[in-house]
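Presented below is the structure to which this report refers.
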Amino acid sequence: MLSVFNGLRNINTLTILFRMVLAVVCGGLIGMERSMKNRPAGFRTHILIIVGATTASLLGHYIYLVMSLPTDMSRLGAQVITGLGFIGAGTIIKTGHTTVKGLTTAAGLWATGIVGLSIGAGFYEGAIAGTLAILFCESVMSKVRIRRYKTFKCIINYLKKETLDQILRYCKDRNIMIRGLQIEGERDDTGAKVYSAFVSLRPYGEVDHAEFIRKIEAFDGVINAFIQ
């Protein structure tokens, strides 16, 4: 622990004011970064979250240390952490079948609340380190790009049931994950059974769709295949 903070760890008017100011500064720094990126929860939201968490932490200490009531000081903090999950959920937006936005902001709100609890408890070193870590993750780490390959759908018309097993095994060998599979069957004009497989595929590498279709159509029993 840093000795410079030792005089500010007791509960009195001066330390309460210091903790509130520190909460506003830490929450403002995190919220400012979110506001600059036009995220749902910005400057004021983060300040309110961290000030509320700081107050809850101070209240727990006040009830136990000043009023000498038999209570668990960490109980209020635990409720804050749980409640922040509901607030963070409001920033999460699903924009498509596989696209979700707002997770980083929700996680940031949750982490900011814990920083507030640390400030209220007088754990200034942890609060400052946590603030810096949150800012690092939300600003610097946002520039790191991890390449993701999009899911694509393939429709395969075939005659033999065992053909699909061979195709699925081929996809597995090519490191292509099967995300969804739907099979329909009907008879053609000659009375032969024709199957149609609607396959949702998630590759973990580069896939040439034209080459992939050529490989699928080369399997025995495949009538045709195409990317939807």
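So that you can scan it fast, the table gives a plain yes or no per residue for (1) polar (S, T, N, Q); (2) in a helix (DSSP H, G or I); (3) farther than 21 Å from Leu14 by Cα:
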{"site": "Ile30", "(1), (2), (3)": "no, yes, yes"}
{"site": "Ser35", "(1), (2), (3)": "yes, yes, yes"}
{"site": "Arg39", "(1), (2), (3)": "no, no, yes"}
{"site": "Ile49", "(1), (2), (3)": "no, yes, yes"}
{"site": "Ala53", "(1), (2), (3)": "no, yes, no"}
{"site": "Ile63", "(1), (2), (3)": "no, yes, no"}
Scanning the stretch 1-23 residue by residue, the ones that are part of a helix (DSSP H, G or I) and either among the acidic types (Asp, Glu) or surrounded by 14 or more Cβ atoms within 10 Å (Cβ to Cβ) (or both) total 9
So for the stretch 130-150 (the condition being touching a residue at least 40 places away in the same chain (Cβ under 8 Å) and assigned to a strand (DSSP E or B)), does at least one residue qualify? no
Return the pairs, sorted by first residue and then second, in which the second residue is of a type in the set (Gly, Ala, Ser) and in a loop (DSSP other than H, G, I, E, B), the first residue lies in the stretch 65-91 and is surrounded by 12 or more Cβ atoms within 10 Å (Cβ to Cβ), the beta carbons are less than 7 Å apart, and the residues are 6+ apart or on different chains. Thr91/Ala41; Thr91/Gly102
May I ask you to say which residue of Ile167, Ile155 is of a type in the set (A, V, I, L, M), under 30 Å from Gly221 (Cβ atoms) and part of a helix (DSSP H, G or I)? Ile167
Residues that are surrounded by 15 or more Cβ atoms within 10 Å (Cβ to Cβ) and over 14 Å from Ile155 (Cα atoms), drawn from the stretch 175-218: Ile176, Arg202, Pro203, Val207
Would you check which residues across the stretch 181-227 are without any contact (Cβ under 8 Å) to a residue 60 or more places away in the chain, within 14 Å of Lys150 (Cβ to Cβ) and part of a strand (DSSP E or B) and list them? Ser200, Leu201, Arg202, Pro203
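Each value in this text was obtained by applying a stated rule to the coordinates, not by laboratory testing. Small disclaimer: the values here were computed from a predicted structure and weren't measured. Every residue, glycine as well, gets a Cβ built from its backbone with ideal geometry; the counts of neighbours run over all protein chains shown.
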